Amino acid sequence: MNEYEMMDDCNKCEQDSFMLAEQLINDIQHLASEVVRLRYLLSWHLPKHVGETIRDESLSNLHGSYYGYAAYMNFVSTYCRGNDPMESERFINHMIKLSKGEDSSEFRSLTF
């Protein structure tokens, strides 16, 4: 194996890693969407003060921070051109809509 073949293998491995990271992020976004949607629905079946608290905190603790991981930061800077998909305006607006009970199927994975 020469130097160029090794470079091709490294580039392919990095590209495969980026594709995997993108899929994992999409899965996290789908699951977070369902959590917010279900928290909102559940909140209306609980005592008033508990339901209000759940609605107020429906966007809390949905996923961890990935900024401490060099691989994630490389993914964001290289593959996403510096735009963190977990902080994108599109995703945040979607989540805010869900937290208010508005229909937003953009990141929806389940159908019920």
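Readers should treat all values here as calculations from the given coordinates under stated rules, not as data from a laboratory. Since the model is a prediction, treat every value here as computed from it, not as a measurement. Don't worry about glycine lacking a Cβ; one is built from the backbone with ideal geometry, like all the others, and counts go over all protein chains shown.
Here are the numbers for this structure:
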quantity: Residue, nearest to PRO85 (Cα to Cα), within the stretch 16-61, restricted to residues that are of a type in the set (S, T, N, Q) and buried (at least 16 other Cβ atoms within 10 Å of the Cβ); calculated: GLN29
quantity: Residue count for the stretch 42-57, restricted to those that are under 25 Å from the mean Cα position of the chain (by Cα) and over 16 Å from LYS100 (Cα atoms); calculated: 0
quantity: Unmet criterion (only one of (1) free of Cβ contacts under 8 Å to residues at least 60 places away in the same chain; (2) closer than 15 Å to ALA21 by Cβ) for LEU59; calculated: (2)
quantity: Enumeration of residues in the stretch 62-93 that are over 15 Å from GLU22 (Cα atoms) and buried (at least 16 other Cβ atoms within 10 Å of the Cβ); calculated: LEU62
